[in-house]
Amino acid sequence: SCYELSHAQVTQALEMMLRTKSFVIERPGQVARALSIFKGGKTDFADCLIHYSAVDAGCTETMTFDVSAARHAGMTLVQ
């Protein structure tokens, strides 16, 4: 939102960054999985990436105060 881009524009930019050889993406598989959830439009890309980073680090649960992240990014809501 700080760049005033639509969800579709952000998705397209991230997909292009993943495909181009001009960028070196750390853990591209992780980023691609996060992007696949983000495309659904129900939560933030950062939340999706946090979740998959935790999964790849061996965490069985990622806690959040964000209801949207709990519902759509696979995290567990702190109550």
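The values are calculated or read from the model by the stated rules, or taken from the named source; none is laboratory data. Everything quoted here is computed from the prediction, not taken from an experiment. FYI the Cβ positions are ideal-geometry reconstructions off the backbone, even for glycines, and counts take in every protein chain you see. Side chains included, ligands, DNA and RNA excluded: accessible areas come from the protein's heavy atoms. Shrake-Rupley method; radii C 1.70, N 1.55, O 1.52, S 1.80 Å.
Of note:
- Only residues that are open to solvent by less than 90 Å² (accessible area, probe 1.4 Å), free of Cβ contacts under 8 Å to residues at least 12 places away in the same chain and touching a helix residue (DSSP H, G or I) at 6+ places or on another chain (Cβ under 7 Å) were counted across region 1-50, and they come to 2.
- Residue ID - nearest to residue 55 (Cα to Cα), chosen from residues in region 1-44 that are under 14 Å from the mean Cα position of the chain (by Cα) and among the polar types (S, T, N, Q): 30
- Residue pairs whose Cβ atoms lie under 7 Å apart, separated by 6 or more positions or on different chains, with the first residue in region 51-68 and open to solvent by 80 Å² or more (accessible area, probe 1.4 Å) and the second of a type in the set (Ser, Thr, Tyr), are 61/76; 63/76.
Table: residues versus (1) modelled with pLDDT of 95 or more; (2) outside any helix (DSSP H, G or I); (3) of a type in the set (A, V, I, L, M, F, W, C).
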site: 1; (1), (2), (3): no, yes, no
site: 4; (1), (2), (3): no, yes, no
site: 10; (1), (2), (3): no, no, yes
site: 13; (1), (2), (3): no, no, yes
site: 23; (1), (2), (3): no, yes, yes
site: 36; (1), (2), (3): no, no, no
site: 40; (1), (2), (3): no, yes, no
site: 43; (1), (2), (3): no, yes, no
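- Within the option set 78, 10, being in contact with a strand residue (DSSP E or B) (Cβ under 7 Å, 6 or more places away or on another chain) and among the β-branched types (Val, Ile, Thr) holds for one residue only, 78.
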